[in-house]
Each structure stands twice: as C-alpha cells, then as structure tokens.
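Notes for the one structure printed next.
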Amino acid sequence: MSKKEPESLAPVLRCPAGRVDVRDFDPDAIPGYPKRKDKDDGQDLREELEPLMDDLQERLFAAGTRDAQAPKVLLVLQGLDTAGKGGTIRHVIGMMDPQGVHIHSFKRPTEEERAHDFLWRVERQLPRSGQVGIFDRSHYEDVLVQRVDQLAPATEIERRYGAINDFEAGLVTSGTVIVKCFLNISRGEQKKRLAERLSNPEKFYKYNPGDVSVASKWDAYMDAYSIALSRCNTDAAPWHVVPANRKWYRNWAITHLIIEAMGSLKLGWPEADFDVKAERKRVEALASR
C-alpha cells in the first residue's frame, strides 16, 4: 500500500477561534470524508492508512533511541461517557507499535494528587522522547468535572484556563506536538450506548451507574466544554471537534490527525553511530549452518 500522506484533515476539524458552543457542532457529520456514508468504507480507508502510521511512528521511535531531545506526540481525548475514548485507543492506537506508546487514563485524583497543583499528576505522565502519548481524559477534567460539580472555587477554575494554556505552550516549545480531540456525541446517542451496555452481559463491565448521574448533567457539561474549548483553543495547541456518533468516522478522523501530527515532524532515519562497513564484515564472518 502507498505511504503517501493524505490530504490534511486538521484544518477541517479545528475548532473555530473565539467563543463557541459545542451544541452547535453536528455529531453526525463526516467532514472531510472522501466517500459515501458507509461504515465498511470507513474501516477500509482507516486500514489503508496503517502502513503510513507504522512508518511515521517507527521514525519517531527511532529518533527517540538516538536523541534525548527527540520530539513527542500527545493525543488528548476528551468527551462525555460513551463518546468513544476507549474505542479510539483500541482501534486507532492499536495500529501502533506498543513499545513507542504511553497511555494514561486520568481518574478521580488521589489524596496524594490533591495535595499538589492539578498539573502535577499530568506532568508525571507525559510521553518521553520518541513516544506517542495518549491521555484518556486529561488535565481538562479539572475545568470540566470540577466546574460542573463545584469542587473548586470559581477563582481557581478561572486560574486553571490560563495555567493550561501556559502548560501546553511550554510542551510545544520543548518539542511536543499536541493533538486535542473533543469527541462529540449527541444526547440521544449517549442514551443509546448506555442502553446497549445494559442489554448485553458482555458489556456490563463497561457500565457504571454513575454514568447516568453524569448524563443527567448534560447541559452543565455542554457549558463547561464550551468554555474550555473557547478559552484553551490556542495556535500552539488547538482543539479539534471530532463528530463521534459514527464510530467508524471517529476512528478514521483521529487516525488522520495522528498521522498529520507525526508527518509534520519531517523525520528521517537516524544515522548509524557505528562503522557500517566494519560491522558488515563482522556479520559476514559469523558462522552459518
């Protein structure tokens, strides 16, 4: 298959600058999709990108083996329960070599984490040189959940927007390409997916009774996401709004975004740090059976 880089999807999915309301984005849309609205096409097109994904990730990983200052890629996945963060990791990140991937899911802060600034636990999970890092939820939980449930003073929440922008700008300056994705599903699709988890014993493990409590706060979360995307949508680390009602489109789109992020690094292959001719002779001299 061809390793030619596809046309850029990032500008199509990029969140507009300024104040936004996430309710204005269509979760059923398929922006930038080149073929008809067909699930099988979406899966095939994503799989066609795998050779390119593999090549770019290997170049990134190779750079990290030679250079402690090699670039990194950080994928931030945010969305309501059932939006597909886990599915994205399974279907998209599953296409990558796991030795070059670091995945972390941010749950409710521990007592130790609450004793530090909210970014302390995030800094400890950043990808190393040459890695692709994936945050299943992220530092944005501290301006989403904490805002909706009023777990922090309004003045502290306000401070955190600026702290996030400074934090992300620093990461970019130090060589991290950040891809932030808001997985946008509709209220009806969320209800459908929760019901599916209750109708299939094989999916009971995915169901959390607390998800219904969170779903009942839909409008409050829509407001919180709207503010976060409006306040933290910088040129250094822009938000992308990924329609997520169609799982196949979500997976295809995020595969595109990661490929674009790695491709932007323009990485070649590291030069040998040994005498190639001498090593060839040594290999030729090995006994063979």
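What follows is calculated from the coordinates using simple rules that are stated; it is not laboratory data. No experiment lies behind these values; they were computed from the predicted model shown. Ideal geometry is used to build each Cβ from the backbone, glycine not excepted, and the neighbour counts take in all protein chains shown.
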For TRP239, distant residues with modelled amide H under 5 Å away: CYS15, THR234
Sum up the lysine pairs in the stretch 1-160 that clear both bars: alpha-carbon distance under 20 Å and a spacing of 8 or more or different chains. 4
Using only DSSP helix segments of four residues or longer, with each worth -39500 (n - 2.57), what per-residue ellipticity at 222 nm results for the chain after dividing by its residue count and rounding to 500? -13500 deg cm²/dmol
Protection proxy ranking of 8-19, 52-63, 268-279, 107-118 - average other beta-carbon atoms within 10 Å, highest first: 52-63, 8-19, 107-118, 268-279
